[in-house]
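Some notes on the structure that comes next.
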Amino acid sequence: MANSKMTYNKLTLSFPEKEEKHFFKKYFSDSIIQVRFAFVLLIILYGIFGYLDLLMFPEFAKTFHTIRYVFVIPFLSVVFFLSFTKIFQKIWQELLFISFIIGGLGIGIMIMLVPENYAYYSGMMLVFSAGYFFVKLRFLLATIAGWIVLLIYNVGVIFYAQASGIIIITTNFFFISANIIGMVAAYSIEFYARRNFYLNYQLDNEKQMVEDINKNLEKIVVERTNELVLAKEAAETNSANVTAIIEGTQENIWAFNRNYEILYINQVFQREFQQTFGVWLEPGVNLIESLPEPLRPFWKPRYDRVLNNEQFTIEDAIDTGNGIIYIQVTFNPIAKKGKVVGGSCFGSDITFRKRAEIELINAKERAEESDRLKTSFLANMSHEIRTPMNGILGFSELLKNPELSGEKQQEYISIIENSGARMLNIINDIIDISKIEAGLMKISIQESNINEQMQYIYIFFKPEVEVKRMMLILNKTLPDEEAIINTDREKFYAILTNLVKNALKYSNQGIIEFGYFNKGNFLEFYVKDTGIGIPNDRQAAIFERFIQADVDNKMAIQGAGLGLSITKSFIEMLGGKIWVESEVGVGSTFYFTLPFQTN
Ligand code: ADP
């Protein structure tokens, strides 16, 4: 009956079975008090009206009183008492129905005995009204009972009492009217009682339904709330973990949306950006506008590439003024439901790694160069040693010939001596360079007269120079007594010898001049020749070990490329420096300095 339309039988007013049962139970419990009260009242009235019998019809009083006190009132009393038993609920309507008929019959008989007595017709009306409205008899039963009473009355009054036609007609007028009015009224009373019940019933049902829905809803709400709490906790843990990772790293991390506005930024990047550009970044700030104008054309296209769903890594070298730093940034698109909504960036300072890489490359190049030099040195060395060795062995063989003239013998012996000297030279050079490299080369400083030493070298080389038809000039600018410095005599001698020897070696004509100038704190020595010269790009290299200015140079046949590097080491040990000025085909001038303390 949850639908709003009430279903009932229009004639009997009955509901469908299930509801009818509910209704009837309720109808009974609502009616029982009134039923009892009605019966008590009816019994009293039925009894009191017996007094009228005595007043109006003393001759019938006995019969009337029998009807009243022997039949009707005892029956009504039995019904009243039965109303306190359990059986009553099952048969109450039937009992009320019989009570109506018996009450009506009682009066009916009294009227039949005295048809002219109009007063008792009013009694009949009271019975009708009690039966229809008062005792809670259902409409249908009340109607049947009402018409039965009327029918029996008419049978009795017509056939038994043989009353006059006028009496029969008048009484029927009243009784039929009373029955009809009673029917309509009873119908309407029962209809409204049922409607009331129906509405309450429906209300109860709906209330129950609403309560059920509410309970269900509450359950769902509790379940959802629990799920939400769990999800929230999981999200919080997750977020805490991610934050710990992002904030715990040394990387720069930031993310932005399609308008280049910052969605997320870690503290490392905030600090570094501020240190570099003086701008404090935070979520919502526009990344492009925060950059200095000149950098924007570099960065905007990168952000645009990410927003075009590209993942890539870039490396930048930034000149900070305090040296170059290198950074590496990885760009990743952020996609939601297949659409790129922004990008994330991970930036690291890779300066350390980059420098190590560069260092490594340089070291590799140096190692390769040194390897190459050593190889060429070995090849050179074997040539350098083999040449004089062959000379010694070859000419020793020739000397064995007994027919050799004395002149030839002298010539061969001198070749063998020269070759030996050359070997000795090379071996000395190798020993020197090994000592220098091992840090074992010692110096012994003592007062030395440079004029004397240079004069000695001049005398030593003069014959050789003249053999080449060249001129040797010595330029001493200090008087002998002032030309005294504290230095290592042996090394000074080796330095100058080496330079003059090279000048002679790499010149075929012209002049070789050597000397010095007083420059105050130091003396500047020079050895000048008019020889083949040294190309510009080789002038620094010739002071390196194992390097010859031009390996293809025919004039470099003699020499291991060690002399100048030994010379340079010696000069530096004595507190000076060496350099060269030279032009190919014109000549070379080697300069070196040595400390000079005037007394
Ligand atoms: P080397 O034993 O080959 O002479 P050095 O170390 O003395 O070795 O010299 C290195 C190279 O420098 C020589 O091979 C030569 O090419 C060049 N050089 C040195 N001195 C002169 C010079 N006076 N004129 C031209 N080239 C020179």
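We did not get these values from a lab; they are worked out from the coordinates using the rules stated. Since the model is a prediction, treat every value here as computed from it, not as a measurement. Cβ coordinates were reconstructed from backbone atoms using ideal geometry, including for glycine residues, and neighbour counts include every protein chain displayed.
Miscellaneous remarks
- Difference of contour (0.36 nm per residue) and Cα-Cα distance, Trp147 to Leu228: 21.9 nm
- Label-to-label distance, nm, for residues given as Thr7 and Trp579 (7 Å Cα→Cβ offset): 12.2 nm
- Sequence-distant lysines (8 or more away, or on other chains) whose Cα lies within less than 30 Å of Lys219: Lys207, Lys232
- Overall form of the chain per C-alpha gyration tensor (a/c, 1.5; a/b vs b/c): prolate
- A simple count of charges around Ile413, restricted to other residues whose Cβ falls under 14 Å of its Cβ and scoring Lys, Arg +1 and Asp, Glu -1, yields -2.
- Along the chain, the exposed loop sites are GluC sites (Glu not before Pro) outside DSSP states H, G, I, E and B with at most 11 other Cβ atoms within 10 Å, and the longest stretch free of them is 117-402.
- Normalised by the number of residues in the chain, the mean separation of alpha-carbon contacts (under 8 Å, six or more apart) gives a relative contact order of 7 percent.
- Eligible lysines near Lys476 by straight Cα distance, threshold 18 Å, same-chain separation 8 or greater: Lys462, Lys519, Lys528
- Of all lysines in the structure, the ones whose alpha carbon falls short of 29 Å from that of Lys136, not counting any fewer than 8 places away in one chain, are Lys5, Lys10, Lys18, Lys21, Lys25, Lys26, Lys86, Lys90.
- Computed extension length for Gln509-Thr249: 86.3 nm, one decimal, from 0.36 nm per residue of separation with the Cα-Cα distance subtracted.
- Number of Lys pairs (Cα under 22 Å; 8 or more positions apart or on different chains) in segment 343-450: 4
- Along the chain, longest interval not containing exposed chymotrypsin sites (Phe, Trp or Tyr not before Pro), exposed being DSSP loop plus at most 14 other Cβ atoms within 10 Å: 281-599
- Between Asp319 and Met125, the contour length at 0.36 nm per residue exceeds the Cα-Cα span by 57.5 nm.
- The long axis of helix 139-155 is offset from the longest Cα principal axis of the chain by roughly 10 degrees.
- Sparse packing (at most 13 other Cβ atoms within 10 Å of the Cβ) combined with a DSSP loop state is found for the following trypsin sites (Lys or Arg not before Pro) in segment 7-65: Lys10.
- Folded to 0 to 90 degrees: helix 351-399 orientation relative to the chain principal axis, Cα: 30 degrees
- With the helix formula -39500 (n - 2.57) applied to DSSP H stretches of n ≥ 4, the chain reaches a computed 222 nm mean residue ellipticity of -20000 deg cm²/dmol.
- Helix 73-82 vs. the chain, principal-axis angle (Cα, 0 to 90°, nearest 10): 20 degrees
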